[in-house]
Amino acid sequence: MVLRINPSILASDFANLEAELGRIANADLAHVDVMDNHFVPNLTLGLPVVERLQQVSPIPLDLHLMIDDPEHWAPLYAETGAYSVTFHAEAASDPVRVARSLRERGARAGIALKPGTEASDYLELLPEFDMVLVMTVEPGFGGQSFIASTMPKLTVLADAVRASGLDVWLQVDGGINDDTIAIAAEAGADTFVAGSSVFGAESAAAQIDHLRALATQHAHGHR
């Protein structure tokens with residue numbers, strides 16, 4: 001079972017993004033949070049910054065679009081060359097169409113579920129996605145506390161992915177640190193977004209290795 005650590009640059013120094021990406025060069029992907037101040041009450045960065053990050057990042061980009069109208073915007077982000085583009089189920093009127101448009105442009109297609117969104121509506125659609133992101137905080141701001149009650153949803157998804165034999169990653173995002181990564185790994189996550197835990201460490205690279213080791217130690221035999 002491959003486990004991935006994707007540090008969130010939301011917790012990095014925005015004035016020095018190229019250098020900050022260099023600090024996490026041993027991570028699997030760089031998680032980039034795009035927020036529009038409509039879908040979530042925060043505004044971060046958009047297409048021009050993502051295009052530039054794509055040019056300088058030592059690792060592939062994992063984009064998380066916390067924005068309205070993913071039907072229009074998600075394909076444009078895929079066209080930057082992003083490895084993975086995740087949009088929110090709650091924002092999409094036709095999630096399958098969005099996912100297919102991402103795949104057509106060469107990106108892995110991810111769908112994100114807020115803490116209150118059930119997984120059951122999306123189980124039959126799993127073949128359309130390459131990743132499901134289970135939000136472990138309400139989207140919008142970094143540094144929030146992990147919501148443990150989201151773990152049963154993660155386990156339902158992990159069981160469904162295992163039963164299907166599909167290559168669908170299960171990502172968790174929000175409050176992931178030394179303690180919570182073990183809980184998420186046991187519940188079936190294989191892809192972990194960590195922000196403050198990584199960028200707040202003296203050595204981001206050492207913390208990435210540490211988190212990967214913790215996840216491996218606690219990884220559930222779901223797959």
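Where a number appears in this text, it was derived from the coordinates with a stated rule and is not lab data. Note that the structure is a prediction, hence the values are computed from the model and not measured. A quick note on method: Cβ atoms are made from the backbone with ideal geometry, for glycine too, and the neighbour counts reach across all protein chains shown.
Taking a point 7 Å from the Cα of residue 42 along the Cα-to-Cβ direction, the residues of the stretch 100-143 with backbone N closer than 11 Å to it are 137-143. Estimated from helices alone, the mean residue ellipticity of the chain at 222 nm is -10000 deg cm²/dmol (sum of -39500 (n - 2.57) over DSSP H runs with n ≥ 4, per residue). Of the residues 193, 156, 98, the one that moves most in a GNM of the chain with alpha-carbon contacts below 10 Å is 156. Principal axis analysis of the Cα atoms in the chain yields extents of 42, 40, 29 Å, listed in decreasing size. What does a probe at residue 179 reach in the stretch 120-142, counting residues whose amide N is under 16 Å from the point 7 Å along Cα→Cβ? Only 137 pass the distance filter. Under 5 Å from the amide H of residue 4 lie the amide H atoms of 191, 192, each residue being 5 or more positions distant or on a separate chain, with H modelled from the backbone and absent for Pro and chain starts.
The listed peptides 59-72, 3-16, ordered by packing as a protection proxy, come out as 59-72, 3-16 (highest mean of other Cβ atoms within 10 Å first). Taking the centroid of alpha carbons for each part, the stretch 148-186 and the stretch 31-106 are 21 Å apart. Would you mind telling me which residue in 92, 163, 112 has the biggest mean-square fluctuation in a Gaussian network model of the chain, where springs connect alpha carbons within a distance under 10 angstrom? Its mean-square fluctuation being the largest, the pick is 163. Restriction of the GluC sites (Glu not before Pro) in the stretch 80-161 to DSSP coil positions whose beta-carbon has at most 15 other beta-carbons within 10 angstrom yields 118.
Based on every Cα atom in the stretch 68-146, Rg and the maximum pairwise Cα distance Dmax equal 12.4, 36 Å. For a modelled paramagnetic label at residue 218, 7 Å from Cα along Cα-to-Cβ, the residues of the stretch 165-183 in reach, with backbone nitrogen under 12 Å, are 176-183.
Put in order of Cβ neighbour count within 10 Å, fewest first, the listed residues 38, 210, 31, 88 become 38, 210, 88, 31.
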